Amino acid sequence: MGTPDAPLAALEARDVLADCATVGSRIESFRLREPAAKPKLLIDRSGATPPASSAEIPEIGASDLTASVLREAIAGHGALIVRNLFSRQSTEIMRLATDKVIDACADIGSAPAPGTYFSPPENLRSIMPNKDRELGNTRNFHRESGSAMCVEAPSVAESLLQLYEHYGLKELVKEYLGESPCLTVKKWVLRRSMLPVAEAGWHQDGAFMGTDINSINMWIPLSGCGGDTGAPGMDVIPLRLYDIVSSDGAQFNWSVSDELTGKLQRDGPLKPVFNEGDAFFFDHFYLHRTQYRADFSRLRYAVETWFFGETAFPKNQIPLAW
């Protein structure tokens, strides 16, 4: 079977055209599928008590990660940090790939030749049609924020899926969700922070994905970040929330004001320190933002992969099969 890191080690030897066809098929398999009208939700919102701050994010080592441990942490705290889940070999390759994909996507206007780090499937244009400017607007957003959709580079995407399987994550997520998982085009992202760091809005991803879904996000820092490391991590409000918080007083209809987050967490947000290769799991109700300070001096790299139940997914994020 080889080492868990083998899929990434062979990244540049992959068949780009075959990977492009595979990712295109993954997208196509969900083109006409709709989520269940009334899915069985993992987080029971009926009769939920008002949130109380846990003042912490539970942490475990990689060897202790199971679906039941993940389920307990998300149900009670909204999040879980798994320390040193991925090897340094994997994170180094992912970091280099992130640079190359983001740089290639920034140069789309010059029509770069298809290759390992840029070869988007053709059906991306029809499922995110230009007439609505959805694809163009999404790409512009990522260029301006230092990120890229993973599916822009199908060989990177397929390598990551194989890596996740080698680490046992497909079975873990399947057990957690209670059904086979899918991913989405828009919520599978390679990230490289920009300096200076702009102040980002507090938000819950369910505010734009919807709430009748089952989700788990795996955010992988590819470099040390957070706290006083000099690179931005995340600011978080450590609450088990059961609904979308009001956007009153916020800049956008999907964001949350500083005033309201201050009321939810009177001691201020947590600013966890992340190691390269950790994994930060949370769901679509978790309230967070990119960590903000005026004096960050180091870039932060990360891979963000949202998983959804294959019957309880956000259609507006363009689902794809796993």
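The values are calculated or read from the model by the stated rules, or taken from the named source; none is laboratory data. Just so it is clear, the structure is predicted and the values come from calculations on it, not from any experiment. As a convention, Cβ positions derive from the backbone with ideal geometry for all residues, glycine included, and neighbour counts pool all protein chains shown. These area figures cover heavy atoms from the full protein model, side chains too; ligands, DNA and RNA do not enter into them. Shrake-Rupley method; radii C 1.70, N 1.55, O 1.52, S 1.80 Å.
Results, tabulated for the structure shown:
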read-out	value
Qualifying residues in the range 63-110 (those that are open to solvent by 40 Å² or more (accessible area, probe 1.4 Å) and part of a loop (DSSP other than H, G, I, E, B)) - the one nearest to Leu41 (Cα to Cα)	Thr66
Residue, surrounded by the most Cβ atoms within 10 Å (Cβ to Cβ), within the range 241-278, restricted to residues that are under 18 Å from Met209 (Cα atoms) and modelled with pLDDT of 80 or more	Val256
Search result, residues across the range 287-315 that are at pLDDT 95 or above, farther than 21 Å from Arg95 by Cα and outside any strand (DSSP E or B)	Glu310, Thr311, Phe313, Pro314, Lys315
Elements of type strands (runs of 3 or more DSSP E) in the range 116-201, at least 1 residues being within 26 Å of Gln89 (Cβ to Cβ) and open to solvent by 30 Å² or more (accessible area, probe 1.4 Å)	188-192
Checking Ser215 against (1) surrounded by fewer than 16 Cβ atoms within 10 Å (Cβ to Cβ); (2) under 20 Å from Phe281 (Cα atoms); (3) touching a residue at least 40 places away in the same chain (Cβ under 8 Å), the condition it does not meet	(1)
Positions within the range 17-42 being within 21 Å of Gly178 (Cβ to Cβ) and small (Gly, Ala, Ser), in sequence order	Ser29, Ala36, Ala37
Residues (in contact with an Asp or Glu (Cβ under 8 Å, 6 or more places away or on another chain) and open to solvent by less than 10 Å² (accessible area, probe 1.4 Å)) located in the range 289-318	Gln291, Trp306, Gly309, Ala312
Condition check for Tyr301: over 19 Å from the mean Cα position of the chain (by Cα) and in contact (Cβ under 8 Å) with a residue 40 or more places away in the chain	no
Close pairs (9 angstrom Cβ cut-off, 6 or more residues apart or separate chains): closer than 14 Å to Tyr117 by Cβ in the range 12-26, open to solvent by 50 Å² or more (accessible area, probe 1.4 Å) anywhere	Val16/Pro114; Cys20/Pro114; Cys20/Glu122
Condition broken by Ile237, with the remaining ones in (1) modelled with pLDDT of 95 or more; (2) in contact with a helix residue (DSSP H, G or I) (Cβ under 6 Å, 6 or more places away or on another chain); (3) surrounded by 23 or more Cβ atoms within 10 Å (Cβ to Cβ) satisfied	(1)
Listing of strands (runs of 3 or more DSSP E) fully contained in the range 204-286 that carry 1 or more residues being over 17 Å from the mean Cα position of the chain (by Cα)	234-237
